[in-house]
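Take a look at the structure below.
The values are calculated or read from the model by the stated rules, or taken from the named source; none is laboratory data. Everything numeric in this text was worked out from a predicted model, so none of it was measured. Every residue, glycine among them, receives a Cβ derived from its backbone with ideal geometry; neighbour counts consider all protein chains shown. Ligands, DNA and RNA are stripped out before the accessible areas are found, and what is left, the full protein with its side chains, is counted by its heavy atoms. Shrake-Rupley method; radii C 1.70, N 1.55, O 1.52, S 1.80 Å.
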Amino acid sequence: MDDRPHKTHRPATSGGKVAKKEKGKEKQHGFNDKAFAPMSGRNADRQGRRNVERDQTRLHVPLVNRTPDDDPPPVIVAIVGPPGVGKSTLMKSLIRRYTKQSLNEIKGPVTVVSGKKRRLTFVECNNDLNSMIDIGKIADLVLLMVDGSFGFEMETFEFLNVLQSHGFPKVIGILTHLDLIKKAATLRTTKKALKKRFWTEIYQGAKLFYLSGVINGRYPDTEILNLSRFVSVMKFRPLVFRNSHPYLLADRLEDLTPRELVRTSKGKCDRTVTLYGYVRGTNLRLGTKVHIPGVGDLDIKDATALGDPCPLPTADSEKRRKLSEKKKLLVHAPMSDVGGVMYDKDAVWVNVPGNFTRGNNEVYQGEGEQMVMDLQDVNSTLEDAVSKSQIKLFGSSSKPLTTDSAVNQDIDMDDASDDEDDDGTDDFNSQDEEEDDQSGIDSDEEDEDNLFDNDEEIHRGIQNTGRSSHRTSIRTLPSSSKKQRADIEYADSDSDLGNDDDLDFGGKRVRFGGDEDRDIPSDDGGELYEGEDEDEDAHEDEFAPKWKANLSQRAEAASSRKARQKDWTKLIYSTSLTAEEILHGEKQEQKSDVEMDEDDLFQVKKTTGDDAEALDMSKESVEKEELKKWEDEDMLESIRHLFITGGDGPLGEGGQDGEQDNEPFGADDEDDEDEDAEPQPSSSNTTTSRADALAAKKAALKRKFDEQYDDPDSSKLDFYEEKKDEMARQLALNRAEFEGVDAESRALVEGFRPGVYVRIELTNVPCEMIENFDPTYPIVVGGLLPAEERFGYVQVRIKRHRWYSKTLKNNDPLIFSLGWRRFQSIPIYSLDDHSIRMRMLKYTPEHMHCYATFYGPVSLPNTGFCAFNSLLGDTPGFRVSATGVVLDIDRSVKIVKKIKLTGVPYKIFKNTAFIKDMFSTALEVAKFEGANIRTVSGIRGQVKKALPKPEGTFRATFEDKILKSDIVFLRAWYSIQPRKFYNPVSSLLLSDKNKWTGMRLTGQIRRDEGIKTPLNVNSTYKKIERPARRFNPLVIPKKLQASLPYASKPKRMKPQQHETYLQKRAVVMEPEEKKAIALLQQIRALRKDQVARRKEKKGEKKVERQKKLVREEAKKGEKDKERKKDIMRMAGQKSKRDADMEDGRGRSKRRKT
């Protein structure tokens, strides 16, 4: 085989690999610019402009995304549509797709895991305008469902207009009920028309899905799979309003009001309510005021971060690319009662399906059900049982172990337990030396293990279920080596060391290094024994270390304290602790004469330090002289950058910031070898670090200059890219600032981050919210900024919606949806009058913006809003009456309206007149001196001075003499203040949440109550009869006429006194003329008779034709009746056949119709 020659490799000359390689070779040669050069410079310019515009259209204003990438909150997917369109069916199908579970009845939000880095919260929006508004403010993705067989409905367009006002999220259209359209051509036309209309409302190219019929109560799996893939990978752009406000969608609600208070007040007391949900938007800080739309403004009493009920799979649990089937089963829907157990801060809720009663032995109960039933019989908690429990060292022991019984035990009885105690001593000596700061703290897990070690000795009826106090672990000296710790043995009982001769009755004996034995007193210092010598006690106290005194009392005090590690954040930033207290571990175990409660916040501390006993303590003592160096300002400035409140010091710029270490608070330098020592940088190190930071800064500036000098174009970034880089740097800086900080301290500083599942406790909640709670209506908790808690006059730019049929009238109440709030207020419309004044409008202009000012909560400028006249579901027509945006919160803007003051002259001179009935006092006249006035006939004038009598009259001059019948008027501007009316929409407090009505107009109240409009006699319209006015003729004096030219002289003719010739003459006709006139009269008579007869005949024909049409109409009606009967008969037969086919009784082959 080895001798056979190998065949030479013959490369392929055709096929897929060859084509792939040829394509790669073409790319290597590069792009030939000359081959594709444009023929015309104008075309090249046009093409370049088009490319630039196309690139700019895909760019948006850069926005900071405040949602954390590591653990983002679930994406809210809202399913919106008119009733009967299939919202519940779609929601069940999607939940089935993600979780492999079928939910029968869905109430409230449902959270599922859709991928390794994304969760989805599905919310169904019912057919209520209030719910649509709330959902539109928080939804990240909207599945807009449309009945394909019917078309778009009014609710769909109203919801889209609400979305446009509050920030447009992503919208996916879904057409359903397409199976009702039988013809393929009609289906194709319907899809095309609906897609065109949908693109007009959303944007060109919006995604639209088609769902066919329902199979087994769900939509087809293939169509749901396609939809779920789009939902799972969709990217979302942060919206401005949500990016600046914290909010959460409550998925659970509980009432914590004491039952006794509810009973005594008959349910009419304010409640204390807890709401649960994921924080979204920005960080939720403690003390933030919140607003629940439909309820009102509330205060947060407490906020707690809970464990995630629907956690994302971690990197350790999910190492595959695809999400495992186990993680898909996770679903969180508390209101829908999914899952058997719910964990809470207050209790654990176990849902046991079925009906169980006590003493009912007939129904079989499983092990889990029996455990739940047994839990109801427990009278005390586990903590109470542990506190009352007792431990016996041996089964034959007569007395249980107690805290102060170490000295009173019988020596002979304990001789038998030498080996076991020695083993325990070895265990204690092997403890790690890193636990030096936790001396006197026990382990709860050990106690629980010891509690249930021996099931035979622990019974339910006996109260020996644990120890009465915690076990104190023995600590070692920090400065001693391991060899020394192994040589030193401490005795916990009289027989631990096995030397009865070395034991004294009042203490214990221990050997240090094999040199000599020393006596150590017992826990109580020998005070419990009677008949002992005081001299011996004094002698023993001299050699005993202080830390061994009163060990039993200190053990009891340590057992009552919860085991916890030191919180360096609280120690460093607490102003009530001195440096010595922080250094010594904030010891509070000194014996006090006054007994204080465990919950007291402040306790008097006494610092006791003895140099002689310093090496015998768990912490080394520090001299006061050494602490004085921390009073130096330069020293504090040198380490200020190590703390979160310090600024960006030079060390942070030089890249040696303390935030890179694992311990951000008080972290030591990298060159420090002693880990236990406090961070005490010397002055030389500080100077060196500052010099390094300055050198790094100079190097960065030099590098920047070199880049700009060598290649100026490369350093210039696009504005878009520059802004994005700046935001990325700021986010990285914020993330690094709190890196390594524990969650509790971080929540105190910056609040709860988005994505945290929190429990919010609200106080003074109206009782109607709990009594009329309906889980199908969403509960949104929106955080308010400090400025939004104030009320004032808000100026907005508003435009009446073109689909709203009525014109908006001034001072008519409108319901605004602004920010998180929905409220009713009274706006005043105005228009800018040439930048001089804000002139009031009586009605909103047609197809034009105007200004509106109303009283309400202050909102930030550029916040969008929409307005409604009514929120009732039975309101005919389009309900969105206006949309707009907030402009300013300036209170100095005055709105003025035009006012006309009228008066009449009562004395007229040549060009002067006295006017009355315009003012009432001389003071008012003085205010309007010099104002322009006018008469109805157009003669202009001016107000001069007030007259002494009568009151309110004044003298005015005109450009011509006026008549006594003239009416004089003065145009003035009157300042108007909007009414302080604010009525929040409290729809969630009603039993029927669709029936909220605010303030009504007077005409609407009269119409609803059936009250007639009061009629004023003077306001009725009457026929105006004005007598004809006679004006005197113009009289020109004869002297003036003589001096006038002829053309200007009046041409006046005297009336004719005598008859003229034509009037006086008589007419005599000739015989021929008489005959001709007679003939003409006869012809006219014949013609008149002919026309009359023709008209009569036409009338008769018209009557005959009407009768004929009536007969034909009757015949046509009979035919239509017969045709309708045939159609209904065929439809009935068809429906009967379909019913028979469904029941299985029909024929196998369907007849074509």
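Run the dipole for the stretch 901-965 about the Cα centre, Lys and Arg Cβ at +1, Asp and Glu Cβ at -1, nothing else charged, and hand back the magnitude in debye, nearest 20. Write out the running numbers ahead of the final one.
Details: 12 positive and 6 negative charges, 45 e Å.
The calculated dipole for the stretch 901-965 is roughly 220 debye.
Between residue 1092 and residue 921, the FRET efficiency estimated from the beta carbon spacing at R0 = 60 angstrom works out to 0.15. Among the trypsin sites (Lys or Arg not before Pro) in the stretch 142-222, those placed in a DSSP loop whose Cβ has at most 11 other Cβ atoms within 10 Å are 182, 183. Sorted on the mean count of surrounding Cβ atoms within 10 Å across their residues, most packed first, peptides 54-65, 858-869, 895-906, 1063-1074 read 858-869, 895-906, 54-65, 1063-1074.
Under a 1.4 Å probe, what is the accessible area of the stretch 876-999 per residue, stated in Å²?
That works out to 59 Å² per residue.
Approximating the spin labels as points 7 Å out from Cα along Cα→Cβ, the residue 1120-to-residue 694 distance works out to 10.2 nm. Counting 0.36 nm for each residue step from residue 900 to residue 209 and taking away their Cα separation leaves a gain of 242.6 nm. Computed in the context of the full set of protein chains, the accessible area of the stretch 170-244 at 1.4 Å probe radius has 58% of its extent on carbon or sulfur.
With +1 on the Cβ of every Lys and Arg and -1 on the Cβ of every Asp and Glu, and nothing else charged, how large is the dipole of the stretch 785-893 about its Cα centre, in debye rounded to the nearest 20?
My answer is approximately 240 debye.
Using a probe of 1.4 angstrom, how much of the accessible area of the stretch 901-965 is carbon and sulfur, in percent? That fraction is 53 percent. Approximating the spin labels as points 7 Å out from Cα along Cα→Cβ, the residue 188-to-residue 914 distance works out to 9.3 nm. Working note: Cα gyration tensor of the stretch 901-965, eigenvalues times five, square-rooted, sorted largest first, giving semi-axes of 18, 12, 10 Å. First check a/c for the stretch 785-893, with a ≥ b ≥ c the square roots of the eigenvalues of its C-alpha gyration tensor; if it is under 1.5, answer rounded, and if not, answer prolate when a/b is larger than b/c or oblate otherwise. Taking the square roots of the gyration eigenvalues as a ≥ b ≥ c, the stretch 785-893 is oblate. The relative contact order of the stretch 901-965, computed from alpha carbon pairs under 8 Å that lie at least 6 residues apart in sequence, is 39 percent. The coefficient of translational diffusion for the stretch 971-1108, derived via Stokes-Einstein from the alpha carbon Kirkwood radius under 10 °C and 1.306 mPa s, stands at 55 µm²/s. The dipole here belongs to the stretch 160-231: it is taken about the Cα centre, uses +1 on the Cβ of Lys and Arg and -1 on the Cβ of Asp and Glu, and is about 320 debye. Of the peptides 142-153, 735-746, the order by per-residue mean of other Cβ atoms within 10 Å, starting with the highest, comes out as 142-153, 735-746. Return the FRET efficiency for the residue pair residue 701, residue 726: r is the Cβ-Cβ distance, R0 is 22 Å, and the value is rounded to the nearest 0.05. In this case the efficiency is close to 0.70. Taking each of 137/301; 116/723; 191/1136; 907/945; 137/289 in turn, the alpha-carbon distance tops 21 angstrom for 137/301; 116/723; 191/1136. Extension gain, residue 983 to residue 270, is 254.7 nm, computed as 0.36 nm per intervening residue step minus the present C-alpha separation.
For the residue pairs 92/995; 916/964; 842/894; 910/1038; 170/235; 192/1134, the C-alpha atoms sit more than 19 angstrom apart in 92/995; 910/1038; 192/1134. Simple spin-label estimate for residue 153 and residue 1034 gives 7.5 nm between the two label positions (7 Å along the Cα-to-Cβ direction from each Cα).
In the full protein context, the stretch 130-251 carries 44 Å² of accessible surface per residue, based on a 1.4 Å probe and ignoring ligands, DNA and RNA. FRET efficiency for the pair residue 181 and residue 1136, taken as 1/(1 + (r/R0)^6) with r the Cβ-Cβ distance and R0 = 22 Å, rounds to 0.45. Extension gain, residue 195 to residue 1043, is 296.5 nm, computed as 0.36 nm per intervening residue step minus the present C-alpha separation. Rolling a 1.4 Å probe over the protein heavy atoms of the stretch 1016-1153, with every protein chain left in place, gives an accessible area that is 55 percent carbon and sulfur.
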